[in-house]
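Below is one structure, written out as structure tokens, with a few remarks after it.
The values are calculated or read from the model by the stated rules, or taken from the named source; none is laboratory data. Keep in mind that this is a model prediction, so the values were computed, not measured. Don't worry about glycine lacking a Cβ; one is built from the backbone with ideal geometry, like all the others, and counts go over all protein chains shown.
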Amino acid sequence: MTERTLIIIKPDAVQRHLIGRIVTRFENKGLKLIAGKFLQAGTEQAGELYAVHKGKDFYERLVRYISSAPILVTVWQADGAIAMARKLLGDTFGYDAKPGTIRGDFGCSQTCNLVHGSDSPESAEFEIGLFFKPEEMVDYEFADAEWLYNSKE
Ligand code: IDP
Ligand code: MG
């Protein structure tokens with residue numbers, strides 16, 4: 001099923017000059033970029049993004065971190081985009097994440113794990129709505145879609 005997922009290039013990735021290398025992972029895989037915004041989130045917006053973690057001991061630190069510096073917020077679309085993107089991200093903590101994943105290749109921190117990805121269709125819809133209006137998403141066909149997705153079969 002066609003899905004959309006919110007991928008955030010987090011403050012540490014921007015500060016560490018990793019935007020291009022991270023975005024390339026999603027492009028290489030064949031996910032389609034349909035929206036993007038470079039911004040610094042306020043604490044309110046950051047708090048909403050991580051509302052599911054409210055009350056946990058790392059929540060305040062997490063909100064401070066995500067609102068501390070600019071981020072690149074993007075939406076990617078593909079069949080099964082949510083699970084595919086989570087595999088590209090790797091496990092939550094950099095030190096656990098496998099080599100070959102974004103978190104596994106570029107970091108070893110618990111909090112500063114470079115990238116956010118929605119974990120379900122419900123959270124994707126909610127998270128995308130925090131940053132984008134429907135008309136800010138641009139759907140289109142890739143010129144090589146037949147080869148990329150075997151869509152003729
Ligand atoms: P996810 O980003 O892999 O979905 P979540 O459990 O949803 O992981 O946690 C959201 C974010 O909160 C993580 O990406 C990480 O930045 C931070 N985080 C999660 N667990 C901890 C923790 O135990 N200590 C510190 N930071 C954490
Ligand atoms: Mg999560």
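Selection of the stretch 85-98 for residues being touching a helix residue (DSSP H, G or I) at 6+ places or on another chain (Cβ under 6 Å) and more than 17 Å from Val23 (Cα to Cα) yields Gly94, Ala97, Lys98.
I'm trying to understand the selection: among the residues of the stretch 97-153, which are surrounded by 19 or more Cβ atoms within 10 Å (Cβ to Cβ) and in a loop (DSSP other than H, G, I, E, B)? Ala97, Gly107, Asn113, Leu114, Ser118, Phe132 - these are the residues of the stretch 97-153 that are surrounded by 19 or more Cβ atoms within 10 Å (Cβ to Cβ) and in a loop (DSSP other than H, G, I, E, B). Among all residue pairs at least 6 apart or on different chains, which show Cβ distances below 6 Å where the first residue, located in the stretch 82-94, is under 18 Å from Ile128 (Cβ atoms) and β-branched (Val, Ile, Thr) and the second is at pLDDT 95 or above and crowded, with 20+ Cβ neighbours inside 10 Å? Here the result reads Ile82/Glu3; Ile82/Thr5; Ile82/Ser118; Ile82/Ala124, each pair linking the stretch 82-94 to a residue that is at pLDDT 95 or above and crowded, with 20+ Cβ neighbours inside 10 Å. Looking across the stretch 45-63, the residues that are more than 17 Å from Ser123 (Cα to Cα) and either of a type in the set (Val, Ile, Thr) or in contact with a helix residue (DSSP H, G or I) (Cβ under 9 Å, 6 or more places away or on another chain) (or both) come down to Lys56, Tyr59, Leu62, Val63. What tally of residues in the stretch 45-96 results from selecting those that are within 14 Å of ligand 2 (Cβ to nearest atom), among the hydrophobic types (A, V, I, L, M, F, W, C) and either part of a helix (DSSP H, G or I) or surrounded by 13 or more Cβ atoms within 10 Å (Cβ to Cβ) (or both)? Residues in the stretch 45-96 being within 14 Å of ligand 2 (Cβ to nearest atom), among the hydrophobic types (A, V, I, L, M, F, W, C) and either part of a helix (DSSP H, G or I) or surrounded by 13 or more Cβ atoms within 10 Å (Cβ to Cβ) (or both): 12 in total. Is it true that Glu141 is within 26 Å of Gly42 (Cβ to Cβ) and either at pLDDT 95 or above or within 11 Å of ligand 1 (Cβ to nearest atom) (or both)? It is false that Glu141 is within 26 Å of Gly42 (Cβ to Cβ) and either at pLDDT 95 or above or within 11 Å of ligand 1 (Cβ to nearest atom) (or both).
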